[in-house]
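What follows is a short report on a single structure.
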Amino acid sequence: MQEYLKQQREQAWRVELRGKIKNKERGEIQRVKMPEMNPSERVCYQNREVNLGLTVEQAVKEAQRCMDCVNPTCIEGCPVSINIPKFVKNIERGEFIEAAKTLKETSALPAVCGRVCPQEKQCEASCFYTLKLKKVPVAIGYLERFAADFERESGQMTVPETAPKNGMKVAAIGSGPASLAFAGDMIKLGYEVTVFEALHEIGGVLKYGIPEFRLPNKIVDVELSNLEKMGVRFERNFIVGRTASFDDLKAEGYQAFFVASGAGLPRFMNIPGENYNGILSSNEYLTRVNLMNASDPDFDTPVLRGKNVAVIGGGNTAMDSVRTAKRLGAERAMIIYRRSREEMPARVEEIHHAEEEGIEFINLTNPTEYFADDKGRVNRMRVQRMELGEPDASGRRRPVVIEGSEYDIPVDVVVVAVGVSPNPLVPSELPQLKVSRWGTIEVDAETMQSSMPELFAGGDIVRGGATVILAMGDGRRAAAGMHNYLQGN
C-alpha cells in the first residue's frame, strides 16, 4: 500500500501541482466555511438540506490547503481507506470527475459519506494540519461531498469497472451501509451479489434513520443506482429466515453470506409511566418521518406531533429526532441528557445546527418518571439533576444523582434515543452461530468471519450501534475475508 501511494504521489501532475504553491502559502489559506440554509427558514422544511455544498471556487481553494504529504496520515484515519490526497489534488487541478472516480475506488457511497461521516474524528483528526501544525484540518468531508455532487450534477456519472464473472453467488442480508460497501467490493471481484432487504426500500439506516435535512433520499438513490449498474441485485420485502431460509438460499447456489441486519431494536429506560401514549422510540419516530413520509400531507402515515417535545439522549439520533420535532411544529423542543454538553457523543456540527434552530439543551439531567392526563397521554415528566463523578469504563465521567433535585417539565411527546439493540435473527436457522449476550454476532476482527465459516457479519449487528463509515469499513473487510475464504486462501 505504501509503495502504491508513493508511486501515485510521484506522478508528473502531482509533482507539478506541489510546485505551484509553497507549503507556507498553503498553510496560510483559511479553511472554507460550508454555506448553510438560514435556520429560521430551514426549520420549516423536513426535506431541505441544511448544508448547501461548496462552490467550485471554494472547493479548489480548500484543496490547495492540502500539502500532499509524503506520509498521508489522513488515509490511516479513514475506515474505507480512500486515497485522500489523490482525490483532493484532482480537485485542486480542476479534474472533478477524476476526483469522484478516486473516491469510488474504495467507497461505494461517497456522496453519503461526504454528508454524514464524522470526519472530525477520523480522516480530519489524522490530517497533517491537526497532528503537526495544530491548525484546523483540510475540510476533507466537504471536498468529498463536492466531488460526488459535481459528478452527479454534471450528468457524467462513472461506473467502476468489475472483473469478469467468476460464477460464484454470494448474498448480503440487510441493505444498510455495511452491506452496500460489501456488495460494491464483491461485485468488483467478479461475484454475483444479491442484497436481501426486509423493508420495501433499500438503504437501511440511510433511509429510515437519517433525516433528509442531513441526507436527502435522492442522494442515497443515486448511489444505489450506481451499484445496480455495476451488477448488484436488490431483493426488497425479503426476510432471510422467513421468506426463505439459509438452506433455501444455499440450494439456489449461494455459497457465502454477509449478515448486516443492523440494530433497530429500541431500548427504553424502564422507568415508571414509560408506556403512556406519547412516549416512543427514536427508531419508530424517525422511520415514520424519513421512510414513511409522515411529515408529507400527501401521505396518511400518522406521527405524533407536540407543543412540548423532549428527546432523551445526546447522540446523533437524539439530535436528528429533536430537530425533526422542531420541523413538525414543536414550540419547545428539548434535549434531556444526563451528562454535560462536552460529553455529548453527537457530532459537533449536529449540536451547532440544533442550537441555531432553537433547540433547548437541558444537560446533567435525567428523567425518573412520566405522568399522564385522564386519557393516558403523557403530559409531564419528572427529572433529576446530575453531577459528574469519576470516569466510567468508557472514559467519560459518570453522572451521579443530586439528591432532592427533582422537578417537573411539561411534555406532550417524548422520544427516547438512548441506544439500540441488534435486530434478532431467527435462532433456529443458525444454531451453531456464536452470539454475545447482547445479541451481537461474534466475528474475527480482521476477516469478519463468524463461527460458521460461510457466514460473515458486520455493521451494527456486530458493533451494536456505530457510524455509517465504520459499518462500511466492516463491509470492506468482510468482502476481503470472504473472497479469501471462497478462493481457498
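The values are calculated or read from the model by the stated rules, or taken from the named source; none is laboratory data. Every value quoted in this text rests on a predicted model; they were computed, and no experiment measured them. Note: ideal-geometry Cβ built from the backbone for every residue, glycine included; neighbour counts use all protein chains shown.
Taken over the range 453-470, the criterion of being of a type in the set (A, V, I, L, M, F, W, C) and either over 10 Å from the mean Cα position of the chain (by Cα) or in a strand (DSSP E or B) (or both) is satisfied by Leu455, Phe456, Ala457, Ile461, Val462. The residues listed here are Asn226, Asn237; of these, the one that is crowded, with 18+ Cβ neighbours inside 10 Å and touching a residue at least 40 places away in the same chain (Cβ under 8 Å) is Asn226. Considered as a group, the residues in the range 366-395 that are polar (S, T, N, Q) and at pLDDT 95 or above include one that is surrounded by the fewest Cβ atoms within 10 Å (Cβ to Cβ), and that residue is Thr368. Of all the listed residues (Met381, Met319, Met344, Met334), the sole one being under 17 Å from Tyr285 (Cβ atoms), outside the structural domain of Ala466 (by TED's automatic domain parsing) and under 21 Å from the mean Cα position of the chain (by Cα) is Met319. Lys135 falls short on exactly one of the conditions (1) surrounded by fewer than 17 Cβ atoms within 10 Å (Cβ to Cβ); (2) not in a loop (DSSP other than H, G, I, E, B), and that condition is (2). Among the residues making up the range 275-290, those that are in contact (Cβ under 8 Å) with a residue 60 or more places away in the chain and buried (at least 16 other Cβ atoms within 10 Å of the Cβ) are Tyr276, Gly278, Ile279, Leu280, Ser281, Ser282, Asn283, Tyr285, Leu286, Thr287, Val289, Asn290.
No other residue among Lys104, Lys86 is part of a helix (DSSP H, G or I), over 20 Å from the mean Cα position of the chain (by Cα) and surrounded by 14 or more Cβ atoms within 10 Å (Cβ to Cβ) apart from Lys86. Of the candidates Tyr407, Tyr485, the single residue that is among the hydroxyl-bearing types (Ser, Thr, Tyr) and touching a residue at least 40 places away in the same chain (Cβ under 8 Å) is Tyr485. Among the residues making up the range 59-115, those that are of a type in the set (S, T, N, Q), without any contact (Cβ under 8 Å) to a residue 60 or more places away in the chain and under 23 Å from Asn23 (Cα atoms) are Gln64, Asn71, Thr73, Asn90.
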